[in-house]
Amino acid sequence: MGDGNSSRIRASGKRRREKGGRRRASVVAAWAAAALVLVGGSGLGYVYFKLNGNLNGVDINAQLGGDRPADSGDGSQNILVLGSDSRSGANAAYGHDGGGARSDTAMIVHIYKGHKKASVVSVPRDTLIDRPDCTGPHGATEAGRRLTMFNTAYEVGGPACAVKTVEQMSGLRMDHYIEVDFTGFKKLINTLGGVKITTTQAIDDPKSHLKLAPGTHTLSGEQSLGLVRTRHSVGDGSDLGRIQVQQSFIKALIEQVKSVGVFSNPKKLYDLADTATRTITPDSQLDSVNKLVGFAGGLKDLGAQDVHMVTLPVRYDPADPNRVLPLPAATQQVWSALKQDKPIPASATRDSAGDKGSAHSVVNAG
């Protein structure tokens, strides 16, 4: 926890192998494709200052208190990646929420010691958890609540409360935080030129504004957003099916990043770096191009096939089928494995509702 490891969040306070820079995209691209920022910042000279000015970090260190899990000190890293579903501003087209926001998507990315492998744990937004006391947007204390939805942590206390909640749930210290919202996600996909996917069945979800026939499609940003938000026309119509589709889309996104040749096309590289730096909100330890370049440099050997994705082990709440409850023993298996820097055992998700259903096979990389 000393000052020598300043790249980690301290205080408390919405996949194939490639060489070099291309492989850097495989982890953070798991939601924001933020690694494009890193490579772009390292070779564009005067553009560095413009990209740096795009970044707007959040100082989680200053917001959280000292009562946090200890730094592992073994070279592994934990990153909380959130997709914000705010309907404010440019996101208003997706419905009214009074200006608030929740964590529409949450992924805990564990980078193993040596940075050759990673595990990603998706946390369903409808998971009922015990939320700790948090500081609200106006400085007042928001009292903790038992059995409340996971995504309310972000709603009542923003990124710091989301980090605090995940740390309490898992016993793992979150070393970094990255957030992306609806509008930024669309822009990133459009700048990339779309994402090619293949659907094995028709998708028709008026709520996410998406209608696709079975077959191969190159999705625009708007369609991609509809796909990662869809839940009513895949699997059992739950958030768990939506997560399965998201995980499949992420693989397709990574394949697209590799296929468009952005690293040999300076204009495409700059456009993506500019869009990505405008799109993400990182923690204050990643809020400059230099910091992001250093972070990505440690991930250059991580290939897409080295990322194992699971959903937090859960069961449907008998009192409300729209909510899920963590499976205590299985969930502890997940957290214990990551705390010990070991692979998540298959037995941890075998009986989980999130590991069942047919939504995994609905979407494949194009």
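The values are calculated or read from the model by the stated rules, or taken from the named source; none is laboratory data. Note that the coordinates shown come from a computational prediction; the quantities given were computed from them, not determined experimentally. Neighbour counts are summed over all protein chains in view; Cβ atoms, including those assigned to glycine, are modelled from backbone coordinates with ideal geometry. Protein only, heavy atoms only, side chains kept; ligands, DNA and RNA dropped before computing areas. Shrake-Rupley method; radii C 1.70, N 1.55, O 1.52, S 1.80 Å.
Using a 1.4 Å probe on the protein chains only, how many percent of the accessible area of the range 113-216 belongs to carbon and sulfur? In the range 113-216, the share of accessible area belonging to carbon and sulfur is 50 percent.
Just list whichever of LYS187/LYS268; LYS186/LYS268; LYS50/LYS116; LYS207/LYS251; LYS164/LYS356 have alpha carbons separated by over 21 Å in the model shown.
Values: LYS187/LYS268 13 Å; LYS186/LYS268 16 Å; LYS50/LYS116 32 Å; LYS207/LYS251 24 Å; LYS164/LYS356 29 Å.
Exceeds cut-off: LYS50/LYS116; LYS207/LYS251; LYS164/LYS356.
Local charge sum around PRO343 (other residues, Cβ-Cβ under 13 Å, Lys/Arg +1, Asp/Glu -1)? Residues close to PRO343 contribute a combined charge of +3.
Go ahead and run the numbers for FRET between ASP59 and LYS113, Cβ-Cβ distance against an R0 of 41 Å, rounding to 0.05. Could you put the intermediate results ahead of the total?
Details: r = 27 Å, r/R0 = 0.67.
Plugging the Cβ-Cβ distance into 1/(1 + (r/R0)^6) gives 0.90.
Length gained on full extension, ASN265 to ARG315: 13.3 nm, using 0.36 nm per residue less the C-alpha separation.
With the simple model of a label 7 Å out from the Cα in the direction of the Cβ, ALA329 to GLN305 spans 3.5 nm.
Can you tell me the order of 55-66, 200-211 when each peptide is scored by its average per-residue count of other Cβ atoms within 10 angstrom, highest first? Don't skip to the answer; put the middle values down first.
Working: 55-66: 16.7, 200-211: 15.1.
Top to bottom by mean Cβ count within 10 Å: 55-66, 200-211.
Each label was represented as a point 7 Å from its Cα along the Cα-to-Cβ direction; for SER336 and SER220 these points are 5.0 nm apart. Computed with every protein chain present, the accessible area of MET309 is close to 30 Å² [probe 1.4 Å]. Segment LYS211..ASN290, full-extension length gain: 24.3 nm, with 0.36 nm per residue of separation and the alpha-carbon distance subtracted.
Carbon and sulfur: what percent of the range 313-366's accessible surface (1.4 Å probe)?
Values: 1540 of 2840 Å².
Ligands and nucleic acids excluded, carbon and sulfur give 54 percent.
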